[in-house]
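Please read the structure below before turning to the comments.
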Amino acid sequence: MLLSERGMTLTELAHRVGVTNVNLSVLKNGRAKAIRFTTLTRICEVLQCQPGDLLSHRPGPPSADPRNP
């Protein structure tokens, strides 16, 4: 994981980014439904990485929205 590669704790990253430990934990554990671009940008700046280093796409169940078959 990028945190261990950078020798940084979740608490230190939260402090540098300006978000709570809880919010970062939700992101880290894959439970977040969304992330603000400003938060993603700040995380990337602090960790010196690109968004693709942090994000992955996990398809969910098919949509029940009739506009999206």
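Computed extension length for Arg6-Val22: 3.7 nm, one decimal, from 0.36 nm per residue of separation with the Cα-Cα distance subtracted.
Near Gln48, within a Cβ-to-Cβ distance under 15 Å, what is the net charge of the other residues, with Lys and Arg +1 and Asp and Glu -1? Net charge around Gln48: -1.
Relative contact order for the chain: 26 percent, from Cα pairs under 8 Å spaced at least 6 residues apart, divided by residue count. (i) -0.40, -1.02, -1.15; (ii) -0.62, -1.01, -1.07; (iii) -0.38, -1.31, -1.60: which one is log10 I(q)/I(0) by the Debye sum over Cα atoms at q = 0.12, 0.26, 0.29 Å⁻¹ as calculated from this entry? The listed entry that was calculated here is (iii).
Computed from the coordinates by the stated procedures, all read-outs in this text should not be read as laboratory data. Owing to the predicted nature of the structure, the values given are computational and were not obtained by experimental measurement. Note that we place each Cβ from the backbone using ideal geometry, even for glycine, and neighbour counts take in every protein chain shown.
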